[in-house]
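Q: Before anything else, here's the structure in question.
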Amino acid sequence: MTSEKTKVHFTDNYLINPTNPVTINLIGAGGTGSKVLTALMEMNYSLIQLGHPGLMIRLWDDDLITEANLGRQRFAESELGLYKSVALINRANRWMGTSWKAETQKFKKSESEKFSENISANIYISCVDSVSARFEIADILKSLNNGRYYANRPLYSLDFGNSKNTGQTILTTIGTIKQPNSQKYETVDHLAFITDEFGDLLKQSENTDDTPSCSLAEALEKQDLFINSTLAQMGSSLLWGLFRNGLTENRGFFLNLKNFHSQPIKIA
């Protein structure tokens, strides 16, 4: 009797042995994005200590910091009125000695055409509030998949999404990633976009109230205090595993923080 092989995805070799820092577009600098950036700072330092060139981050967000952002997001009172992306990137660069970039605009089709050089990256991490934005980002990434080989060619996207107490993180390949021959595993070269695989569920869960919160108390009615940071840590751990382990059996997870339950999404 032959046992069924475990399905895995092997990391594209460029992430493991790059000639330059791996480029990442982080889209959204709010509750989740601000904490993902902190995780990327830790990841960058650790990779460099391990002999890797590290990461080059470009953070996209056109929002200004308000009092409702304090406490749940990575901002201080002294930063009120500043662009979220600028405040976070300035702080990261001062702390780490990096030269990461801030974009004070939305990651949208119109901007992607105008700033085509800026949007080219190996990894895209989306931490946006609306379902429509996630569909638009997916459309942009699909259009970037031209099959050509170059340093900043798109390889992966990592999508974060959440409601008040629940959320998920899902890894996608932008196109197909060539896999090595393996006698131990069944390799999978393509991981579908969340909008293709769970598009109907996303549309059903769309919260049409996108009015900015006026206070932290109001913001906490929409998203509980630790849902963003828990997602950020778990999702960043998935990305870290691609660099350190060179493969993954899981392409993401579902999280219910209210009952402390998480469910991995296996490679299929």
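Q: Within the stretch 56-94, which residues are among the β-branched types (Val, Ile, Thr) and either at positive phi or more than 17 Å from the chain's Cα centre (by Cα) (or both)?
A: Going through the stretch 56-94, the residues among the β-branched types (Val, Ile, Thr) turn out to be 57, 65-66, 86, 89.
Of everything in the stretch 56-94, those that are among the β-branched types (Val, Ile, Thr) and either at positive phi or more than 17 Å from the chain's Cα centre (by Cα) (or both) turn out to be Ile65, Thr66, Val86.
Q: Condition first: aromatic (Phe, Trp, Tyr) and open to solvent by less than 80 Å² (accessible area, probe 1.4 Å). Now tell me which residues in the stretch 238-268 satisfy that. Working first, answer last.
A: Restricting attention to the stretch 238-268, the residues satisfying the condition of being aromatic (Phe, Trp, Tyr) are 240, 243, 253-254, 260.
Matches in the stretch 238-268: Trp240, Phe243, Phe253.
The values are calculated or read from the model by the stated rules, or taken from the named source; none is laboratory data. Owing to the predicted nature of the structure, the values given are computational and were not obtained by experimental measurement. We work out accessible area using only protein heavy atoms, side chains counted, and drop any ligands, DNA or RNA first. Shrake-Rupley method; radii C 1.70, N 1.55, O 1.52, S 1.80 Å.
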